[in-house]
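For reference, the structure discussed in these notes is given below.
The values are calculated or read from the model by the stated rules, or taken from the named source; none is laboratory data. For clarity, every value in this text was computed on a predicted model and none was experimentally measured. Cβ: placed from backbone, ideal geometry, glycine included. Neighbour counts: every protein chain shown. Accessible surface areas use protein heavy atoms only, side chains included; no ligands, DNA or RNA. Shrake-Rupley method; radii C 1.70, N 1.55, O 1.52, S 1.80 Å.
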2 protein chains.
Amino acid sequence: MEANPTDNDTKIGLSIFALGGVFEIGKNMYVVEYGDDLVVIDCGSKFPDESLLGIDLITPDIGYLLQNKDKVRALVITHGHEDHIGGVPYFLKQLRVPVYATRLTLGLIELKLKEHRLKKTELHEITAASELALGKLTLSFFRTNHSIPDCLGIVLDTPVGRVVHTGDFKFDLSPANGQYPEIHKMARIGEEGVLVLLSESTNAERPGFTPSESLVGDKIMEAFQKARHRVFLSTFASNVSRLQQVVDAAIRTERKLALMGRSMVNVVNVALDYGYLTMPEGMLIDVKVASELPRDKVAILCTGSQGEPMAALSRLANGNYAQMDLLPEDTVIFASSPIPGNERSVAAVLDQLYLRGAYVIHGSGSSTGMHVSGHGSQEELKLMLTLMKPAYFVPIHGEYRMLSRHKELAQSVGMDGNDVFLMRNGDVLDVTRHGAEQNRKVTAGNTLIDGLGIGDVGNVVLRDRKHLAEDGILIVVVTLSSDEGTLLSRPEIITRGFVHVKESEALLAELNQRVTADVSELLAGENRKWSVLKHVIRKSCGSLILERTRRRPMILPVIIEV
Amino acid sequence: MEANPTDNDTKIGLSIFALGGVFEIGKNMYVVEYGDDLVVIDCGSKFPDESLLGIDLITPDIGYLLQNKDKVRALVITHGHEDHIGGVPYFLKQLRVPVYATRLTLGLIELKLKEHRLKKTELHEITAASELALGKLTLSFFRTNHSIPDCLGIVLDTPVGRVVHTGDFKFDLSPANGQYPEIHKMARIGEEGVLVLLSESTNAERPGFTPSESLVGDKIMEAFQKARHRVFLSTFASNVSRLQQVVDAAIRTERKLALMGRSMVNVVNVALDYGYLTMPEGMLIDVKVASELPRDKVAILCTGSQGEPMAALSRLANGNYAQMDLLPEDTVIFASSPIPGNERSVAAVLDQLYLRGAYVIHGSGSSTGMHVSGHGSQEELKLMLTLMKPAYFVPIHGEYRMLSRHKELAQSVGMDGNDVFLMRNGDVLDVTRHGAEQNRKVTAGNTLIDGLGIGDVGNVVLRDRKHLAEDGILIVVVTLSSDEGTLLSRPEIITRGFVHVKESEALLAELNQRVTADVSELLAGENRKWSVLKHVIRKSCGSLILERTRRRPMILPVIIEV
C-alpha cells in the first residue's frame, strides 16, 4: 500500500492542518495536502453560543479550499455525527467535490442534502476495506467504534510517509452492535510506520477506560422490566446501537415502539432501510396509535435529551405534544448526559417531568448506567498512540486543555514532547522526510449561518444585535424643510425593547423637548451638516436617558428632508 | 419561650408562604404571618437566564408586602449570600422596616446599601442567642453551618404553634472556623414541639453526607507546598472559612497575600474588620507590590471562579489585568465547582489558563478535594427532619425535583406524605391547631431590575428585545404631504442587526421599489388610514425579506406627515 516515491516526490512538502475542530468542540475539518493533491476530512458544524445572536449554525471557513479548488480531490467523512457532517450542504453549495463515506454516514448526509434541495452531488460509498487513489494520495481505512455505527479511521499514504487520522473512537471490546474495532489492522498500520498521527482528544482529561455500550443495554432492560406504564427513552437519535438495545428491551417486555421527534424518525428510517436497526414486522407503530394502547404495551423513543425547548421531550413535559400525553407513573429515561452549556435547559425539562408525576431516571452517565461516552478515555488514547507509534503526533478534536492533556499522554507512552504539535485552526504542519515544522498559517475561521445566508452576518451586525438585545432602540425622526432647513414638526420618537410605554411617557416628552431645542439651536447656527445634526441628537438623548435610567439604548437619528 | 395563647388567638390563622426560592434556585423570601404581624425571612436576588435580555438582576415581587405594609414587623436575614441578601436594597427602597441579621451578614448588607446610597436604614445586629418580640411573634435562633460564617436557623413562636426555618445548612461536625452547629439546641427545639418546618432542599438529590470544609484546607495546604511559583486561588469571596484556610497555607509556606477583584477586596475587608478573618500584620499586600516580589513568596486570592468574563481571573487569563501577569508554571486553583449554566464560561477560562502554561487544579469538587458543598446532603436533611420532628413540613430552597426528593426523604424518616406541602411561590399554607391546608394564593413573581428601573421592563419589552436580538430591525420611514396625502419622496429604509450593508444593497433597493409601489397604490385608493398603511408596509417588506433571506427582522413603519 505504501507509495514508491521518486526523489522528486520527497522534496514536495506534505502539509497538514485543521480548518475546524481544534481549540474548540465541533465543526471538525482537517486537510492533508501533498503537492497538487488535497484531501479534506470531515465537514462539521457547531451550534453558536449565546453571544452570536440569531445565528443558526457555525461551519468552517473554507476560503483556503475555494482558493485552491483545483487541488481538492475529495471530502472524506469519518462518521455521521453533526460535528463531522453538519457543514456538508454548505460546503457543497460552494465547492462540488466527490464525497466518500460509509453507508450509514451517506444515508445521514443524504437527508441533509434533501433538506437543502441539493442535487447531482457525487456521493461514493466506502467500507473499512476500501482503497482510494486520489492523485498522489492513497487512502485506506480501519474500523473503529464510537456512539454511532460505521466509523472509520483513515490512513493516507503519501510519498513523504503515512498519515493516520483516527476519527472519533473508543475501544469497545464488546460492542452492542458487533462492530469490533479492527485492532490487528491498527497494529499492522503502526508496524509499517506512521509519520503523523492525528488522534481525537475529547476525553483526554478522563482517567481510565470508557465503559462498553453493552452495559447500557443491561440497564435499559432492567428499567423496562420494572416499568409499570409507558416508557419514554430519550437519547441522541444517531446512537443506533443504543436504539437497537431499546428495541430489544421493548421486544422482551412485549411493548410496541413509537417515535417522537423529526430527527428520531429520520434516523430510524435510514437505519431500518440500511439494515443497521432490526425489529419484527409491525412493531413500529404510529404515536397516535400508541397513545390508545394499554400503557404497559408501549415504549417511545424520543428526541430532546439535551432539554432543547422545541424537541419532543420538552413538548411532552409541557403538555404540548398533540398526539401523546405523559401520565403519572410513566417512566422517562434520559440515556444521555448534558453537553456543557445545556445543564439549565435539561434541569427545566426534568422539573416539568417531575411535576407531571413521571418516574424519571436521569443523572449523568455513570450514576444510573444509562449512558456511556462514545469517546475513549486516557487508557484508550494511550493504546491508540502505542499501536500507531507515530514519528509526529497532532492531538485533534478538542479544546486546548484536552489537546494539552493528550500531549502529556503521548509523553507518558514514550514520545518526545518536541514531536507533538498543538495547533490552532489554520496552523500548518509541514512535514518532510527530514523533519516537521509548524510556522505558517492558512485562513481559517467561523462561517456564520443565519437563515439562507452563508457568512453574510459579521461582527458589526452581531454587535448591533447585542446592543439591541440589551437595551433596545430609540428612533428619533426629525423632518426638515429642504428650502429653509428648519424643523417642520416636533420630532417623532419611537422605542422598541426599551421600557414600558406607560413608564416612559414623561421621559419621552422630555426627550422630545430637548431634541427640539437642541436641533433648533443647531439649525439657527452655521454648522448644519447632517452628521453634526445626528451627533447632537444622539448626545442629547443619550445623556438624558443614561441619567434617568442608567441604560444605553441604541439611538438612531433619522433625518427626512422634504 | 412558648407563647401562652388565649382562645381567641388560636382562632386567628397562621399563614406561611414563599415569595421567592421555591420552584427555582435563588431570590429566597419567606413570610410568616399571624394576624396583624408579619415577618419576612431573607430577601435574595438571582441572575437572569439568557432569555431575559439586558436584565441585570431578578428580585422577588413584594406587591403583597406593600399592600400589607402596616403588618410588616421585620426583615430577618439568615445569612449573607446573594440569594438571601441581594434584594435588600431594592426592598428597602420600597418598604422601610427594621432589618435583623448577624454581624457578618450586616457587614455585607451595609456594603450594598452604600453602593445604592441608602441611608437611615434601621439595621439591628443579632446572634444565635438573641430573642426578638415582634408583635405576637417571638423569634429565637440556632446556629448552623454553611459556606459562609454566621448562619442562623430561625424559630418563630406563634400562638398557634412553632415554626422553624432552617436557613441554608450542613452538619459540618469539624468546621474550619470553629462555628459548630448547635445540635443540642436543635434537639431541644424539636422536643418542645415544632408545628411547621421549612427546610432547605439544595442537595436533596445527593446521597450521603457532605464532606467537611476542613478537608479542603488540607488540599489547599498540599497544593501550596507543591507550588514552585505564584499561587492564584479563586473561590466565592463570601466563603470566609475557606479564605482563612488559604491565609493559613500562605503563612505556612511564607507567602504574602494579595487580593484581586472588587468583591474579594470588599469581603476580606469586612471579614478582617469584624474579626472573621485573621492574619499577621503586614501579610496583606497590594497586587502591584506582589507582582514585584519573588514568585514563590506570593499567593493571590481572586474572584472569577465561575468564569465571569469581567472578573479578575478571566482578565488575568486573558492578559488584561494591568497590575499582575500570569506566568508559565504559576499555579491556579479553582476552589469551586461551576454553578449549572456556567460550565462553558469556566471551560473558556480554563483553556486560556492552560494556554499561558499555568499549572491548573480544577475539576468539580470531589475529584480534586478543592471544594465541598455548603449544603447538607440527604443524610443531613434526614437528620434535621429527625431533630425537628415537625407536624407539617414545607421543603424550601430548590427546584421542584429537589423539593419533591426532599418530600421522599421526609417520608423515609416516618412522616406522612399528606403532611408535606410542595408549594410554589405565592401558595399559602394556612395552619390552625386543627390542621393545615394549602388552597389560596398571594401575588408572587419576578421583579426585573434593569439599570435604575425596578420592574419597568415587562414581557412586551423583553419580547421586542428578543426579536431585535435574533434578526435585527428594519425601519421604513414614509413621508406624506398632509395636504394631498401623497408620497413626498422615496421611503427611507434603515437597518440595524440585519445583514451587512454591502450584502443587502440590492435587497434594500428592491424593498424601496416595492414599498413605493404598494404605498402609492394604497394612497390612490379609498382606505388611507395610517394603520392600513403600516400594515401594507410590514407585509410588503416582510414577505420579500423572508423569501430572499429566510429571516424575520422587526419591521417598524414610521409615517411622517408634513
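Specify the residue that is nearest to the chain's Cα centre (by Cα); the eligible residues are those in segment B:32-49 that are surrounded by fewer than 21 Cβ atoms within 10 Å (Cβ to Cβ) and assigned to a loop (DSSP other than H, G, I, E, B). Ranking the qualifying residues of segment B:32-49, first place goes to B:PHE47.
Close contacts from segment B:447-459, counting a first residue that is more than 10 Å from every other protein chain (Cβ to nearest Cβ) and a second that is open to solvent by less than 10 Å² (accessible area, probe 1.4 Å) and not in a strand (DSSP E or B), with Cβ to Cβ under 7 Å and a gap of 6+ residues or different chains, come to B:LEU448/B:VAL457. All of (1) more than 16 Å from A:GLY472 (Cβ to Cβ); (2) surrounded by fewer than 20 Cβ atoms within 10 Å (Cβ to Cβ) hold for B:ASN459 with one exception: (1). The residue that is most open to solvent (accessible area, probe 1.4 Å), among those in segment B:465-488 that are more than 7 Å from every other protein chain (Cβ to nearest Cβ) and in a strand (DSSP E or B), is B:LEU487. Restricting attention to segment A:489-505, the residues that are open to solvent by 80 Å² or more (accessible area, probe 1.4 Å) and touching a residue at least 24 places away in the same chain (Cβ under 8 Å) total 1. Restricting A:MET388, A:MET415, A:MET423, A:MET384 to those that are within 14 Å of another protein chain (Cβ to nearest Cβ) and touching a residue at least 24 places away in the same chain (Cβ under 8 Å) reduces the list to A:MET423. Put simply, of A:ASN512, A:ASN439 the only residue that is more than 10 Å from chain B (Cβ to nearest Cβ) and either buried (at least 20 other Cβ atoms within 10 Å of the Cβ) or in contact with a Lys or Arg (Cβ under 7 Å, 6 or more places away or on another chain) (or both) is A:ASN512. The number of residues in segment A:143-165 that are surrounded by 24 or more Cβ atoms within 10 Å (Cβ to Cβ) and either of a type in the set (Phe, Trp, Tyr) or closer than 29 Å to A:GLN244 by Cβ (or both) comes to 11.
Residue-wise test of (1) β-branched (Val, Ile, Thr); (2) under 19 Å from A:TYR400 (Cβ atoms); (3) out of contact with any Phe, Trp or Tyr (no Cβ under 9 Å at 6 or more places or on another chain).
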residue: B:ALA290; (1), (2), (3): no, no, yes
residue: B:ALA299; (1), (2), (3): no, no, no
residue: B:GLU308; (1), (2), (3): no, no, yes
residue: B:ALA311; (1), (2), (3): no, no, yes
residue: B:ALA317; (1), (2), (3): no, yes, yes
residue: B:ALA322; (1), (2), (3): no, no, yes
residue: B:LEU327; (1), (2), (3): no, yes, yes
residue: B:ALA335; (1), (2), (3): no, no, no
residue: B:THR368; (1), (2), (3): yes, no, no
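Can you tell me how many residues in segment A:455-469 are β-branched (Val, Ile, Thr) and in contact with a Gly (Cβ under 8 Å, 6 or more places away or on another chain)? Residues that pass the stated criteria total 2. When the residues of segment B:50-107 are filtered to those that are modelled with pLDDT of 95 or more, of a type in the set (Val, Ile, Thr) and over 20 Å from B:VAL22 (Cβ atoms), the one that is surrounded by the most Cβ atoms within 10 Å (Cβ to Cβ) is B:THR105.
Taken together, the residues in segment A:375-389 that are among the basic types (Lys, Arg) and not in a helix (DSSP H, G or I) amount to 1. Taken residue by residue, segment A:363-373 has at least one member that is of a type outside the set (Ser, Thr, Tyr) and surrounded by fewer than 18 Cβ atoms within 10 Å (Cβ to Cβ).
Listed conditions (1) open to solvent by less than 50 Å² (accessible area, probe 1.4 Å); (2) touching a Leu at 6+ places or on another chain (Cβ under 7 Å); (3) free of Cβ contacts under 8 Å to residues at least 40 places away in the same chain; (4) in a helix (DSSP H, G or I) are all met by A:ALA250, apart from (3). Close contacts from segment B:144-159, counting a first residue that is in the same structural domain as B:VAL267 (by TED's automatic domain parsing) and a second that is of a type in the set (S, T, N, Q) and assigned to a loop (DSSP other than H, G, I, E, B), with Cβ to Cβ under 9 Å and a gap of 6+ residues or different chains, come to none at all.
Selection of segment A:1-34 for residues being of a type in the set (Gly, Ala, Ser) and at pLDDT 95 or above yields A:SER15, A:ALA18, A:GLY20, A:GLY21. Against the numbered list (1) open to solvent by 20 Å² or more (accessible area, probe 1.4 Å); (2) touching a Ser or Thr at 6+ places or on another chain (Cβ under 8 Å); (3) assigned to a strand (DSSP E or B), A:SER140 comes up short only at (1). A:VAL216 meets each of the listed conditions (1) open to solvent by less than 10 Å² (accessible area, probe 1.4 Å); (2) within 27 Å of A:ARG295 (Cβ to Cβ); (3) in contact with a helix residue (DSSP H, G or I) (Cβ under 9 Å, 6 or more places away or on another chain); (4) modelled with pLDDT of 95 or more apart from (4).
Pairing each residue of segment A:261-277 that is of a type in the set (A, V, I, L, M) with any residue that is part of a loop (DSSP other than H, G, I, E, B) and surrounded by 15 or more Cβ atoms within 10 Å (Cβ to Cβ), provided the two are 6+ apart or on different chains, yields C-beta distances under 7 Å for A:MET264/A:ALA237; A:MET264/A:THR303; A:VAL267/A:ALA237; A:VAL267/A:SER238; A:VAL268/A:LEU277; A:ALA271/A:LEU277.
Report the residue count in segment B:315-357 for those that are away from every other protein chain (no Cβ under 14 Å), over 21 Å from B:SER373 (Cβ atoms) and open to solvent by less than 20 Å² (accessible area, probe 1.4 Å). Qualifying residue count for the region: 5. Take A:PHE236 and tell me if it is surrounded by fewer than 24 Cβ atoms within 10 Å (Cβ to Cβ) and either within 27 Å of A:ILE25 (Cβ to Cβ) or not charged (D, E, K, R) (or both). Judged against the criteria, A:PHE236 is a match. Of note, A:LEU403 does not satisfy the criterion of being over 13 Å from A:PHE23 (Cβ atoms) and touching a Phe, Trp or Tyr at 6+ places or on another chain (Cβ under 8 Å). State whether one or more residues within segment A:222-238 are within 30 Å of A:VAL32 (Cα to Cα) and not assigned by TED's automatic domain parsing to the domain that holds A:GLY398. Within segment A:222-238, one or more residues are within 30 Å of A:VAL32 (Cα to Cα) and not assigned by TED's automatic domain parsing to the domain that holds A:GLY398.
Within segment B:540-557, being open to solvent by 20 Å² or more (accessible area, probe 1.4 Å), at the interface with chain A (Cβ under 8 Å from one of its Cβ atoms) and assigned to a helix (DSSP H, G or I) holds for one residue alone: B:ARG548. When restricted to residues that are under 24 Å from B:ASP70 (Cα atoms), open to solvent by 40 Å² or more (accessible area, probe 1.4 Å) and not basic (Lys, Arg), segment B:122-137 contains 7.
Note on segment B:414-436: among residues that are more than 27 Å from B:GLY44 (Cα to Cα) and open to solvent by 60 Å² or more (accessible area, probe 1.4 Å), the one that is modelled with the lowest pLDDT is B:ARG433.
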